[in-house]
Structure formats: C-alpha cells, structure tokens
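First comes the structure, then the notes that go with it.
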Amino acid sequence: MSHSHTTTGRESGRHTGPVNTEQVLKDVNILGSLNDQTRKVLNKDATIFLAVLHRAFNGTRKALLQRRVIRQGELDKGNLLDFLPETKQIRENDAWKGAPPAPGLVDRRIEITGPTDRKMVVNALNSDVWTYMADFEDSNAPTWDNMINGQVNLYDAIRKQVDFKQGEKEYKLRTDRVLPTLIARARGWHLEEKHFTVDGEPISGSLFDFGLYFFNNAEELVNRGTGPYFYLPKMESHLEARLWNDVFNLAQDYIGMRRGTIRGTVLIETIPAAFEMDEIIYELRDHSAGLNCGRWDYIFSVIKRFRQNPDFVLPDRSAVTMTSPFMDAYVKLLIKTCHRRGVHAMGGMAAQIPIKNDDEANKKAMDGVRADKLREVKAGHDGTWVAHPALAAIAADVFNTHMPTANQMHVRREDVHITSKDLLNMNVPGKITEDGIRKNLNIGLGYMEGWLRGVGCVPINYLMEDAATAEVSRSQLWQWVRHGVSTAEGKKVDKAYSLKLLHEQANELEKNGPKGNKYQLAAKYFETQVTGEDYAEFLTSLLYNEITNVGEKTPAAKL
C-alpha cells in the first residue's frame, strides 16, 4: 500500500494533501452521547472523513431517491418495468468482467448474518461458517447506541480484542482456526443518521456506517489478510450502484489505498434492480463481489412497486415460495448474470431457529432448510445465508456435497433465457386466508414492537423475523384491502375487517407479552399501513423518530 503522499499534520498522516480541520468541522455536530469507548471510533479524523463523504455525495443521494419517486409515479399509472434500452450494449457485451474474488472471499459457501451486538459478533465469528455479515441494516434497530457500539464491537473483533464476560459467562473468540471473513452491511440509501449532522442536515445512514467502518479498519483488515468488504442493500438502479462506486473510490484515495481493495456484494432485493443486474455489476466492476438474492425484501418490493396494480395481488405469504414463477426467474437470471461476469451469486436466507422442545417439528423445519439449500446449490449458487449457527452444519453439508470447488462460477446457466414477462409473472397458486392475515399482523406487530425497544430481529414461531419479513406482511395487508380481495372463507378484506383483526392481535400480544411491552404503540403505527390508504416507503423510516434520542450537540471541533 502506497504512503508516498504528503502528510497533513493530522496524527495519522493518512490524507493526501493538506486539510483545514477547522473549516471541514465547521457545522458538523454529534447529537448522540459519546464515551471513551465510542470516541476511539468516532474521533476527529473519522469525523472529518464522514463530513467529506457527506458533502461530496449527499446531493446525488437525494437526487437518486427523488428518481425512485418519479419511477413509482410511472408504475402507479399502470406502466411495467423492462430492461433498459439505453444500457443494452452493457448487457450484450460479453467482454467485460467483475473483479476476481478478493482475499477471504474466494470461498463463501456459508455466510452467517446478524446484528453487531458484542455477543452476536463473538458467536458469529466462532461459528463454522466462511463469512459473517455484520449487519447495521435490517436486523439492527438504528438506535445511536446500537450503531456506534456496533462499530466499536467490529473494531475490537478485527483486532481480536472482543472477548468479554456477561455475568458468569465468558465470550471468547476461537483460536483454533482462521476466523470467518467479515463483511459489513451498511444501511440503505433511504435511511439517515439523525445523531450526526453536517451543515444542518443528517448524514446518510449508508455513509455513516460505511465511513466509520472503512476509516477505522480498512488498513488493519488488509494487514490481516482480508480487506474492507461490504454488503450493499436496497438499491433500485445502476445509478445507485455508481454512487457507491464513487464513494469507494474517494474513500480509497483519501487514505492512500489501492483502488479495487474495497469489495461490495449487492443485494438484489428490489424488483427494479432485477432488471439492471448486469449494469449494477458493471458500475461496481473493480469493486464487485457479486450479487445476492435478498428474497423477502424482493417480495416486499414487488408488492410495493406494483401496489396499485390489481394484477400483482399475491396469496398468503406462506404460498409465495422460491418456486413461484417470478422468484424462480429472478434466481436463475441472477446466477446466469453473475457467472457470466465472473462474480459470486449468493443464495438467500434460512431464517429458521432450532425448535428445542419438539423433535418432530424441529426435524420438519430442518428438512425444509436442507431442501432449500439443495435447490440453491443445484441452481448454481456459490453460497448461502443462515441466521443461526445451528443451521450452518446443514447448509455446509449440502454445499460441500454438491459443490466440491470453492465456488461454481463455471456453472454458466446458458440454458437460461429470462424475459421481462418472466420476472413479472405473478401466477402464484394459493389462497388468501384469515389465518394468513393474522400471521401477517403478528409478524408485523412483533417486529415493530421489538424495533421500538431497539431490537432489530425477533424470533416469532421459530423464524428469525427482521425488517424484510415485516415489510412483506404489511404490504400484503395493504394490497389486500386496496384491491378488496375476499378470503378463502368468503370474507371481504376491507378497512374495518383489517383494523378489527389488527386490534384483536395487538390486544392478545399485549396481554401475553412481558410487562411494559410496546404492542399498542406498534399497533398505532401499523394501523396507518393496513387500510389500503397511506403507504410509507419503509416501516423503518416511519418508526425511526421513536428510537432516536437526539441529545445535546457536541460540535465536532471539540472532539
């Protein structure tokens, strides 16, 4: 790594060219509390870097979010999505490729995912997996404490200083083998971090999460044999990927790191992005680590984007499986596209949790996991996700049996020819039932209640539910009321019926929940979303102010 640039008078001397610290830090404020631990990740140098990122990119970010609104207006008129005519030459050119896999990312057959609390970080790194996706996004409720302490926990884990004691129990990193490669998932472009403002505006959650993790750990990770690797969620166009690529280039230049050291795996979890997979890899090509099938968010996005279109009404969530025509088409296209470009095609999440007190139910659940992973490896995926360490062995057994190589990019899937009609084929057999409505209400309420307490993933019915599954639940409820469907039992799903069932479920959950639970507050927000009228772009944006605890300003100049 080159350090042949001029120093700045800052302690690290890592920036190319002189910086007027006072000028950069003017109008930069931290509104969350800091202590000795958090100041080691959010110090003056890191804050300067965040301010630079914000000023360089926030205008573009906001313009891209506005593009989403315009596109939604087109879809609301009944227009459909298609492959972009203006980027046809990128799709049809066989010559270009993504970057070859980076150190620690050649074999990523089993990835465990989870939030960044200290216990989870230790348990995930101790699991028998190849990588750990440390999540600042969907499985994390973005309280200031969660976000800033998550950065501290990853900083310590990278340096193998994360061991701690909780009561009598000790949590220690394994020393008997190489630990899984760390990949951090930043928040999506739509979320803000209200506890850090620049020029009177909150910084983007994406830039905050990326910036702190990169600035504090990039060189350390490279020195330890891997690198600064990221998962990039919720994108809706190749222009949003271009923005990430620009961020990566500026960040690497800023610290004097070789361009292409950062790698980003993009979650294809929105229906517009499915039509731009080639273009997304192309924009990130020197930094691309492939694409991932974010299955629950994808179903949410299909309903959300086509919510006004009666042709897109789906049955109960349990009927919308990976073999549904639109899901099957998306998976096949993703694998073909990735392998044609020489990058990883990652599979989806197994959200099951072992059922400890019922052997028969547990066997059935684990058989389901095995079948799902078998479908993925046979389709050509290079790896897959699990939410619980106990599932890692099942997934590894399937992948090790059917994928003896580090990945299967040689499986080119030239037999696959997916059209726009295939991606939009909503011919999904199944019914809409009262039980399905109640399950959706339970999942939505359960997740939102946890989120309001600062917990971003909640076990419900032996499944780990996060923002994505809650979004499917509320979007289906909205859609069913909006289009006046009838249940299999013959009941018309209207506003009154939806609200009646919502309050029944909320009252039952409140009664059976622990003292001081927040089910009624969750219901208050949820009822605005299940009547076929108002529709928030994201539940997380709707609830965010409830968990922000904006305190006194700490001017960054005083750090």
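Of note:
- Positions within the stretch 470-499 being under 13 Å from Ser139 (Cα atoms) and either modelled with pLDDT under 90 or open to solvent by 30 Å² or more (accessible area, probe 1.4 Å) (or both), in sequence order: none
- Enumeration of residues in the stretch 18-60 that are closer than 20 Å to Glu552 by Cα, of a type in the set (D, E, K, R) and not in a loop (DSSP other than H, G, I, E, B): Asp36, Arg39, Lys44
- Meeting the requirement of 3 or more residues that are of a type outside the set (Lys, Arg) and buried (at least 22 other Cβ atoms within 10 Å of the Cβ), the strands (runs of 3 or more DSSP E) wholly within the stretch 90-172 are 110-115, 131-135.
- Residues located in the stretch 54-82, provided they are crowded, with 17+ Cβ neighbours inside 10 Å and either touching a Phe, Trp or Tyr at 6+ places or on another chain (Cβ under 8 Å) or modelled with pLDDT under 95 (or both): Arg61, Leu64, Leu75, Leu81
- Selection from the stretch 377-410 of residues that are within 22 Å of Cys338 (Cα to Cα), in a loop (DSSP other than H, G, I, E, B) and open to solvent by 40 Å² or more (accessible area, probe 1.4 Å): Pro404, Thr405, His410
- Look at the stretch 28-50: where a residue is more than 23 Å from Asn545 (Cα to Cα) and a partner is of a type in the set (S, T, N, Q) and surrounded by 21 or more Cβ atoms within 10 Å (Cβ to Cβ), sitting 6+ places away or on another chain with Cβ atoms under 8 Å, you get Val41/Gln151; Val41/Asn216; Ala46/Asn216.
- Which listed residue is modelled with pLDDT under 95, polar (S, T, N, Q) and more than 23 Å from the chain's Cα centre (by Cα), from Thr16, Thr87, Thr38: Thr16
- Elements of type helices (runs of 4 or more DSSP H) contained in the stretch 212-283, each with 1 or more residues being out of contact with any helix residue (DSSP H, G or I) (no Cβ under 8 Å at 6 or more places or on another chain) and of a type outside the set (Phe, Trp, Tyr): 238-255
- Residue within the stretch 200-207 that is in contact with an Asp or Glu (Cβ under 6 Å, 6 or more places away or on another chain), without any contact (Cβ under 8 Å) to a residue 24 or more places away in the chain and closer than 22 Å to Leu42 by Cα present: yes
The values are calculated or read from the model by the stated rules, or taken from the named source; none is laboratory data. Bear in mind that the values here come from a model prediction, so they are computed numbers and not experimental data. Don't worry about glycine lacking a Cβ; one is built from the backbone with ideal geometry, like all the others, and counts go over all protein chains shown. We work out accessible area using only protein heavy atoms, side chains counted, and drop any ligands, DNA or RNA first. Shrake-Rupley method; radii C 1.70, N 1.55, O 1.52, S 1.80 Å.
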